[in-house]
Amino acid sequence: ESCGTDVEGYGGQNAIVIAQLVLAIGGTIDYIAYDEPLIYGHFYTGANACQSSIQTLANQTARTSAVFRSVFPRVLIGDIEPLNRFIPGWQTALGEWLQAYEAMSGSKFSFLQYDVNWEDVNITARQLIPLLREEELPLVVIFNGIQYELKTDIGWISQAKDNIISWFDVYHLPAPDMVQVQSWDANPSRATPESDQSTLSSLVNFIWPYLTSSSNTTTSSTSTHTTLSLSSLSSSSSSSSSSSSTTTSSSIIVSGASMTTSTPSTTATTTRSSSSSSLSSSSSVALTSTTMASLSSATLVYVSSLYTFGFLLLVFT
């Protein structure tokens, strides 16, 4: 049966392999973000669709969580979902999904990551935020720029800035508990320096005032700090090393597959991308001293990736 093969969100059979690889090289998985299991496991109708019941999805995903926790008991596990009004019944389904996963796994998701349809953000966000507060789940928002015509670095950055402005200035939506600046496109082609307005890290300086403005302070009772995450699956860095004096800890984020397919996959799935089995020993994306000076109140947590890309987490205390 082909159900789940090459479908986003599937590949949980690789969980033990990933966990043991990380452990073998002395790493720790602190966070896991599952790649859209509800939408692609329940709603998706394309090739190899499973269209499983929410209870079935929750059971499959809880089993994957149990595998990761058997190796890393303190790992925080969250969910990514591309929610929008074009998916009928998503609110009811999401509520059922969150509760079913908690019942099956014995604990709630640690966060929900909102993969935004920017044509729909004002409607969906205003429906999603109260639901997550009722469930006491932190909201993570992916700020990105997706381009289908003008495929340039500056074009992608410009679109991402427009989306940031839309969230905060046009629709006056509250600051999320965590902001993720991310690209899974070919652009932008470079991560640094942040002084170059065509690089991914330049968005850190752009969004920073919104996160520190008192008018945008989140009121969620579940959030004790605001976190900004920078990630890219395609960007290279013109500054590829991180100073040990600014690195307070090292960890690995595994984002991606949550459910098992009926046919075991040979590819480890990560956020938005499948990676080859070769490992990168020092994949790094480093902010330069200019940004570190402007973010003097932040704690930098450098995250070294298993594969061919890097992450930065900035935890604002």
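The values are calculated or read from the model by the stated rules, or taken from the named source; none is laboratory data. Computed from a predicted model, the values in this text were never measured in an experiment. Cβ sites come from the backbone with ideal geometry, for glycine too, and all protein chains shown count toward neighbours. Accessible surface areas use protein heavy atoms only, side chains included; no ligands, DNA or RNA. Shrake-Rupley method; radii C 1.70, N 1.55, O 1.52, S 1.80 Å.
Key figures
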read-out	value
Residue in segment 174-194 that is assigned to a helix (DSSP H, G or I) and under 17 Å from Asp120 (Cβ atoms) present	no
In segment 111-144, the residues that are touching a Gly at 6+ places or on another chain (Cβ under 9 Å) and without any contact (Cβ under 8 Å) to a residue 40 or more places away in the chain	Leu112, Glu134
The lone exception for Ala160 - which of (1) open to solvent by less than 30 Å² (accessible area, probe 1.4 Å); (2) under 19 Å from the mean Cα position of the chain (by Cα); (3) over 13 Å from Gln182 (Cα atoms) it fails	(3)
Residue within segment 27-44 that is open to solvent by 30 Å² or more (accessible area, probe 1.4 Å), at pLDDT below 95 and part of a loop (DSSP other than H, G, I, E, B) present	yes
Subset of segment 169-182 that is surrounded by fewer than 16 Cβ atoms within 10 Å (Cβ to Cβ) and of a type outside the set (A, V, I, L, M, F, W, C) - its residue that is farthest from Glu81 (Cα to Cα)	Asp169
Breaking point among (1) surrounded by 14 or more Cβ atoms within 10 Å (Cβ to Cβ); (2) under 21 Å from the mean Cα position of the chain (by Cα), for Ser52	(2)
Residue list for segment 114-148, restricted to those being of a type in the set (Val, Ile, Thr) and either part of a helix (DSSP H, G or I) or touching a Ser or Thr at 6+ places or on another chain (Cβ under 7 Å) (or both)	Val121, Ile123, Thr124, Ile129
Residue identified as closer than 30 Å to Lys161 by Cβ, open to solvent by less than 30 Å² (accessible area, probe 1.4 Å) and out of contact with any Pro (no Cβ under 6 Å at 6 or more places or on another chain) among Trp90, Trp118, Trp97	Trp90
Residue in segment 55-65 that is in contact with a Cys (Cβ under 6 Å, 6 or more places away or on another chain) and open to solvent by 10 Å² or more (accessible area, probe 1.4 Å) present	no
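So that you can scan it fast, the table gives a plain yes or no per residue for (1) of a type in the set (Lys, Arg); (2) more than 19 Å from the chain's Cα centre (by Cα); (3) surrounded by fewer than 16 Cβ atoms within 10 Å (Cβ to Cβ):
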residue: Pro130; (1), (2), (3): no, yes, yes
residue: Glu135; (1), (2), (3): no, yes, no
residue: Pro138; (1), (2), (3): no, no, no
residue: Ile142; (1), (2), (3): no, no, no
residue: Gly145; (1), (2), (3): no, no, no
residue: Asp153; (1), (2), (3): no, yes, no
residue: Trp156; (1), (2), (3): no, no, no
residue: Ile164; (1), (2), (3): no, no, no
residue: Trp167; (1), (2), (3): no, no, no
